[in-house]
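Enquirer: Take this structure, written in structure tokens, and hold onto it; I'll ask about it next.
Since every read-out is calculated from the coordinates, none of them should be taken as a lab result. Since the model is a prediction, treat every value here as computed from it, not as a measurement. Cβ placement follows ideal geometry from the backbone for every residue including glycine, while neighbour counts extend to all protein chains displayed.
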């Protein structure tokens with residue numbers, strides 16, 4: 001991820017004034033980076049599709065997550081910009097979440113591994 005994209009994301013999502021660190025967390029269906037700024041840490045997800053139906057699904061799932069949060073259910077919701085949760089930079093689509101340390105569990109597996117995402 002280029003430095004201009006990082007700055008554009010940081011500015012658009014209001015993530016602080018200075019980038020402290022950037023490291024790739026996962027690379028699977030979507031690439032995810034941990035972006036640490038002077039304001040905290042964030043998961044920056046680069047989506048593998050820009051189709052309108054894909055964007056609509058992301059926006060819908062984040063509306064639902066917000067409704068759950070309003071009801072007191074613990075959720076991690078994407079950070080919104082003026083235009084929604086998805087933003088396009090240099091022809092690629094991104095979504096940004098607060099960073100949450102946790103455990104990643106493979107689907108269909110009884111084993112888990114510690115992950116920073």
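Enquirer: Using just the C-alpha positions of region 47-105 as equal point scatterers, what log10 of I(q)/I(0) does the Debye formula give at each q in 0.16, 0.18, 0.23 1/Å?
Expert: -0.57, -0.70, -1.02
Enquirer: Counting other C-beta atoms within 10 Å, which of 15, 22, 93 has the fewest, and how do the rest follow?
Expert: On the way: 15 23, 22 14, 93 19.
By the 10 Å Cβ count, ascending: 22, 93, 15.
Enquirer: Hey, another quick one. Can you put 45, 50 in order of Cβ neighbours within 10 angstrom, beginning with the fewest?
Expert: Values: 45 22, 50 12.
By the 10 Å Cβ count, ascending, the order reads 50, 45.
Enquirer: Pop out the Kirkwood hydrodynamic radius of region 1-104 from its pairwise C-alpha distances, inverse of mean 1/r, in Å to one decimal.
Expert: On the way: mean 1/r = 0.0704 Å⁻¹.
For region 1-104, the Kirkwood estimate is 14.2 Å.
Enquirer: To the nearest 0.05, how large is the calculated FRET efficiency for residue 5 and residue 70 if R₀ is 35 Å and r is the Cβ-Cβ distance? Mind showing how you got there, number by number?
Expert: Values: r = 32 Å, r/R0 = 0.92.
With a Förster radius of 35 Å, E is 0.65.
Enquirer: Would you list 49, 23 from fewest to most Cβ contacts within 10 Å? Display every interim value, and only then the final one.
Expert: On the way: 49 13, 23 9.
In order of increasing Cβ crowding within 10 Å: 23, 49.
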